[in-house]
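Visitor: Quick one: this structure, given as structure tokens, is what I'll be asking you about.
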Amino acid sequence: MSRIGKQPVTIPAGVTVSIADGNVVTVKGPKGELVRQFAHELTITEEDGKIVVTRPNDLKRIKALHGLTRTLIHNMVTGVSEGYQKVLEINGVGYRAAKQGKKLVLNLGYSHPVEMEDPEGIETVLEGQNKIFVKGISKEKVGQYAAEIRMKRPPEPYKGKGIKYETETIRRKVGKTGKK
């Protein structure tokens, strides 16, 4: 049996979970509401303050969906109760970020500033000019938007210039040495 799939998801105080027909799970909490439909082969039930995901057989596809479904429900519960956050750092001379309403304006050494509109349900907060906090209730959307921001100027290995995650370490390379 799946080690992750068989663990029940505990529902914290202030969070309500409803399971509709077709395995549509709605999770409401203090930070918002998330809705997601899961595979119809699995059985999702709520038993005394916990959500339990069970599978009918041991087919490879069903076994893979079992752990995935449990983890996605856990991420939904965590998102509406605590929320998710990714921190990005901008390194480089003249590289900086600014907020204009819901727009994130990045100066990254290009001939023009890069403007990015915050997606629905996602908020970007700046600390200084070179630290960006991407916050939201959906782990998937927060990670995707943070990755899109990072792709505007990924860190390069020689000087470390670019946008990187706070926890990311850049493998540095030694530059060329001239022969005499």
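Visitor: Please give, to one decimal in nm, the separation of the simple spin-label points placed at Arg171 and Ser111, each 7 Å out from Cα toward the Cβ.
Guide: It is 3.4 nm.
Visitor: Loop only by DSSP, 14 or fewer other Cβ within 10 Å of the Cβ. Give me the GluC sites (Glu not before Pro) in the stretch 50-116 that pass, ordered by residue number. Before the final figure, lay out each step's value.
Guide: Numbers: sites: Glu82, Glu89, Glu115; in loops: Glu82.
Of the GluC sites (Glu not before Pro), the ones in loops of the stretch 50-116 whose Cβ has at most 14 other Cβ atoms within 10 Å are Glu82.
Visitor: When the chain is fully extended, how far beyond the present Cα-Cα distance does Thr54 get from Glu156, taking 0.36 nm per residue of separation?
Guide: Answer, rounded to one decimal: 32.2 nm.
Visitor: Let me make sure I get this right: for the stretch 70-180, a, b and c are the square roots of the gyration tensor eigenvalues over alpha carbons, sorted descending. Under 1.5 in a/c it's rounded, otherwise prolate if a/b > b/c, else oblate. Which is it?
Guide: Oblate is the answer for the stretch 70-180, as a/c is 1.5 or above yet b/c matches or exceeds a/b.
Visitor: In addition: Measuring from centroid to centroid over Cα atoms, what is the spacing of the stretch 92-146 and the stretch 148-179 in Å?
Guide: 19
Visitor: What nm value, rounded to one decimal, do you get for the distance between Ser18 and Gln100 when each label is placed 7 Å out toward the C-beta?
Guide: Distance between the two pseudo-spin positions: 4.2 nm.
Visitor: Among Gly128, Gly136, Gly79, determine the one that fluctuates most according to a GNM of the chain built with springs between C-alpha atoms less than 10 Å apart.
Guide: Gly128
Visitor: Could I ask something else about it? Tilt of helix 60-81 relative to the longest C-alpha principal axis of the chain, in degrees (0 to 90, nearest 10)?
Guide: 70
Visitor: Using a 1.4 Å probe on the protein heavy atoms, what percent of the accessible area of the stretch 24-180 belongs to carbon and sulfur?
Guide: On the stretch 24-180, the fraction of accessible area on carbon and sulfur atoms equals 49 percent.
Visitor: Moving on to the next point. Please check: in the Gaussian network model of the chain (C-alpha springs, under 10 Å), which one of Lys164, Lys28, Lys60 has the largest mean-square fluctuation.
Guide: In the Gaussian network model the winner is Lys60.
Visitor: While we're here: Would you mind checking the tilt of helix 139-151 against the longest principal axis of the Cα atoms of the chain, expressed as 0 to 90 degrees and rounded to 10?
Guide: Helix 139-151 sits at roughly 20 degrees to that axis.
Visitor: Given a 1.4 Å probe, how much area per residue of the stretch 15-64 is accessible, in Å²?
Guide: With the other protein chains kept in place, the stretch 15-64 gives 64 Å² per residue.
Visitor: Of the listed pairs Lys86/Lys161; Lys60/Lys135; Lys152/Lys179, which have alpha-carbon separations greater than 28 Å here?
Guide: Lys60/Lys135; Lys152/Lys179
Visitor: If you don't mind, another one. How many nm separate the modelled label positions at Gln7 and Glu120, each set 7 Å beyond the Cα in the direction of the Cβ?
Guide: 3.3
Visitor: On to the next question. Between Arg150, Arg61, Arg36, where does the largest GNM mean-square fluctuation fall for the chain, given springs only between Cα atoms within less than 10 Å?
Guide: Arg61
Visitor: A further question follows. Between Rg and the Kirkwood Rh of the stretch 5-70, both from Cα atoms, what is the Rg to Rh ratio?
Guide: 0.98
Visitor: Give me the accessible area of Ile122, 1.4 Å probe, in Å² rounded to the nearest 10.
Guide: 10
Visitor: Additional query: Given Lys131/Lys176; Lys28/Lys99; Lys141/Lys164; Lys28/Lys164; Lys6/Lys63; Lys6/Lys31, which pairs have Cα atoms separated by over 22 Å?
Guide: From Lys131/Lys176; Lys28/Lys99; Lys141/Lys164; Lys28/Lys164; Lys6/Lys63; Lys6/Lys31, over 22 Å: Lys131/Lys176; Lys28/Lys99; Lys28/Lys164; Lys6/Lys31.
Visitor: Tell me the mean residue ellipticity at 222 nm calculated for the chain from its helices only (DSSP H runs of n ≥ 4, each -39500 (n - 2.57), averaged over every residue, nearest 500).
Guide: -6500 deg cm²/dmol
The values are calculated or read from the model by the stated rules, or taken from the named source; none is laboratory data. What you see is a predicted model; the values in this text were computed from it and never measured. Glycine gets a Cβ as well: all are built from the backbone with ideal geometry, and neighbour counts include every protein chain shown. These area figures cover heavy atoms from the full protein model, side chains too; ligands, DNA and RNA do not enter into them. Shrake-Rupley method; radii C 1.70, N 1.55, O 1.52, S 1.80 Å.
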